[in-house]
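Just below is one structure, and these are the notes that go with it.
The values are calculated or read from the model by the stated rules, or taken from the named source; none is laboratory data. In this text the structure is predicted, and so the values were computed from the model without any measurement. Neighbour counts run over all protein chains shown; Cβ positions are idealised from the backbone, glycine included.
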Amino acid sequence: MLARKRSHSILLTVALMFLAGGSTMSFVSTANCDEVTGLAFLKIGVGARAAGMGSAQVAVASDATSLYWNPAGLALVEGMNLHLSHNEWLQDMRYEFLAAAKKMGRHGLGVSFSGLYMDELPRYDVDGRFLGHFGFYDIAVTGGWGMNVKPGVYVGSSVKMLVEQIDDMTARGFAFDIGTRYETPIPNLSVGAGIFNVGPKMKFDVEKFNIPRVISCGAAYTLPVKSWSGDVLMAADVVSYRGEDIKAHVGAEYSFKKLASVALGYKFGYDVEGFSAGAGVSRGSLSFGYAYSAIGSALGDAHRVSLSYALR
């Protein structure tokens, strides 16, 4: 039994290190449960547009991706919005996100499903001998609500059910998000803030680990550029992950007549993540986006594609 637990500890360590995706994890040892942070896939942003802008979204998101970035944005959804994104993450890991949101008067409601999975990771015993392969997956099912409490002021919250499976071990839990957004008296300037992934520890067998709590605040400003027949959106977020140094996300997007867009972004404070770029096109109710994120390691870069449908 002890050997099996030690083997599981090694599997858990390896998998969580892969899941970190280039950011510094608060992971020291499964022997010290207070230092363990799992479910690192919750740190991977959703949507090609957001990725292209360096994940600076807490004061920007106003569609179904608000379920991830800031649930207050659900109150800004126009009509109904459907979103599907696929992320080719590091190595052979894939991350899927599906979401739907609908405006109902002053309220917005939404549901989403996200999952990170990989079929094979190497298995080793405590002496380092190769024993074959094992798989893992992480899943989050989220329901959220947003409300326009008074002109320019939005609040929102969400609850997510969480599952992580590594080899034959499964952990289940839940977490909450709370967010707010304010359209300031300064034209085209909005600010947002939220605390995300607040919940109790989860555990494999007897080994407990924390959910990666996130505190984020940011601002976004839209600058009309008449000579270019479009707008330039600029955004910046300050992000604090549990047990990590403060990080910053900045990005900008140029949109041409709501028909096409290009974006650039950068993440500061990460070990290997940094530059990103993206582009999008829209035709009627459909929008397609692509984003590339440079990962400065041998694990490879990240590519995202998104498809959205807006019914107003």
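Values as computed for the structure displayed
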quantity: Val58 being β-branched (Val, Ile, Thr) and either out of contact with any Gly (no Cβ under 6 Å at 6 or more places or on another chain) or closer than 25 Å to Ile211 by Cα (or both); calculated: yes
quantity: Test result for Ala248, touching a residue at least 12 places away in the same chain (Cβ under 8 Å), assigned to a strand (DSSP E or B) and within 16 Å of the chain's Cα centre (by Cα); calculated: yes
quantity: In segment 194-226, the residues that are of a type in the set (Phe, Trp, Tyr) and either farther than 26 Å from Ala263 by Cβ or surrounded by fewer than 16 Cβ atoms within 10 Å (Cβ to Cβ) (or both); calculated: Phe204, Phe209
quantity: Scope segment 295-307; condition in a strand (DSSP E or B), more than 15 Å from the chain's Cα centre (by Cα) and modelled with pLDDT under 90; matching residues; calculated: Ile295
quantity: Residue in segment 205-219 that is charged (D, E, K, R) and closer than 24 Å to His107 by Cα present; calculated: no
quantity: Of residues in segment 163-187 being in contact with a Phe, Trp or Tyr (Cβ under 6 Å, 6 or more places away or on another chain) and not acidic (Asp, Glu), the one surrounded by the most Cβ atoms within 10 Å (Cβ to Cβ); calculated: Arg181
quantity: Qualifying residue in segment 13-22 (condition: in a helix (DSSP H, G or I), at pLDDT 95 or above and surrounded by fewer than 24 Cβ atoms within 10 Å (Cβ to Cβ)); calculated: no
quantity: Selection from segment 175-188 of residues that are touching a residue at least 24 places away in the same chain (Cβ under 8 Å) and either under 19 Å from the mean Cα position of the chain (by Cα) or assigned to a strand (DSSP E or B) (or both); calculated: Ala175, Asp177, Ile178, Gly179, Thr180, Arg181, Tyr182, Glu183
quantity: Given (1) surrounded by fewer than 21 Cβ atoms within 10 Å (Cβ to Cβ); (2) without any contact (Cβ under 8 Å) to a residue 60 or more places away in the chain; (3) assigned to a strand (DSSP E or B); (4) out of contact with any Cys (no Cβ under 7 Å at 6 or more places or on another chain), number of the condition Val191 does not satisfy; calculated: (2)
quantity: Residue within segment 157-174 that is of a type in the set (Phe, Trp, Tyr), at pLDDT below 95 and either under 18 Å from the mean Cα position of the chain (by Cα) or in a strand (DSSP E or B) (or both) present; calculated: no
quantity: Enumerated strands (runs of 3 or more DSSP E) restricted to segment 203-243, each holding at least 3 residues that are modelled with pLDDT of 95 or more and closer than 19 Å to Ser62 by Cα; calculated: 214-225, 230-241
quantity: Filtered residue count, segment 280-312, keeping only those that are aliphatic (A, V, I, L, M) and touching a helix residue (DSSP H, G or I) at 6+ places or on another chain (Cβ under 7 Å); calculated: 2
quantity: Residues being within 20 Å of the chain's Cα centre (by Cα) and either surrounded by fewer than 16 Cβ atoms within 10 Å (Cβ to Cβ) or of a type in the set (Phe, Trp, Tyr) (or both) - total across segment 254-293; calculated: 8
